[in-house]
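A quick write-up on the structure given underneath.
The values are calculated or read from the model by the stated rules, or taken from the named source; none is laboratory data. Predicted model, so just to flag it, every value in this text is computed and none were measured. Counting neighbours? That spans all protein chains shown, and the Cβs are built from the backbone with ideal geometry, glycine included. Ligands, DNA and RNA are stripped out before the accessible areas are found, and what is left, the full protein with its side chains, is counted by its heavy atoms. Shrake-Rupley method; radii C 1.70, N 1.55, O 1.52, S 1.80 Å.
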Amino acid sequence: MAVKTQELKLDIERIGKVSAILMRPDNARACYVLAHGAGTDMRHASMDKIAVGLADRGIATFRFNFPYMENKQGRPDQPAVAHATIRAAVAEAARLCGGVTLVAGGKSFGGRMTSQAQAKAPLQGVKGLAFLGFPLHADKKPSTERAEHLAHVGIPMLFLQGTRDGLADLGLLRPVIAALGAKAKLHEVEGGDHSFAVLKRSGRTNDEALAEVLDTLAAWIDKLG
């Protein structure tokens, strides 16, 4: 399957421009607007692996930098800036990939900012949100406050979580997701940490764990379509 990769500039109204990458396989049936985590940018090796893996499964990805990462600032953007960036990315992905199923989300911080944006006002054309490690709380500080806005998300959600994720105590996350009802699904990656890395004694590799994540995500997207 041929894959086209485009380097782009994303214009965020009243904020400025950031870099973006569209990776689109021929005959893509969906596009995932993929936001990066707090400590990485869109070009991080983990983001590239996700994009390549989804392209192999017939799903395009639209990656982008948040302004703080584009400008090499240490602290993540305020939510309003992050939300505006996500809205601009969704609009551009919809324009470039018209006619396919559009989903949004991403890794950790990026996924949480996407759900916050959706909770405030629906992201136009987005059929579902997928979280690659939802950061329910800070490391070693279990709480559920970060999930309160999820009740205001009216579209399907997929939570892909490692069972060793230090930022999401599953004892807290499972009931949160259960309370969301049929619109929310949890898939647990046995032995995976916040980035789905597994221990050597698990008997499988990090690539195998990531393949499980991407297979699950692709199957969920197909049901949305």
Inset, instruction - Look at LEU150 and say whether it is of a type in the set (A, V, I, L, M), under 24 Å from SER195 (Cβ atoms), open to solvent by less than 40 Å² (accessible area, probe 1.4 Å) and free of Cβ contacts under 8 Å to residues at least 40 places away in the same chain. - result: yes
Legend entry - Answer residue from segment 116-133, given it is out of contact with any Asp or Glu (no Cβ under 9 Å at 6 or more places or on another chain) and under 11 Å from GLY106 (Cβ atoms) and is surrounded by the most Cβ atoms within 10 Å (Cβ to Cβ) among those: LEU132
Inset, instruction - Take the residues in segment 41-86 that are open to solvent by less than 70 Å² (accessible area, probe 1.4 Å) and of a type in the set (D, E, K, R), then tell me which one is farthest from ALA130 (Cα to Cα). - result: GLU70
Inset, instruction - Return the total of residues in segment 116-139 being under 20 Å from THR163 (Cα atoms) and either assigned to a loop (DSSP other than H, G, I, E, B) or more than 13 Å from the chain's Cα centre (by Cα) (or both). - result: 7
Inset, instruction - Have a look at VAL90, VAL3 and point out the one that is of a type in the set (A, V, I, L, M, F, W, C), surrounded by 14 or more Cβ atoms within 10 Å (Cβ to Cβ) and over 18 Å from the mean Cα position of the chain (by Cα). - result: VAL3
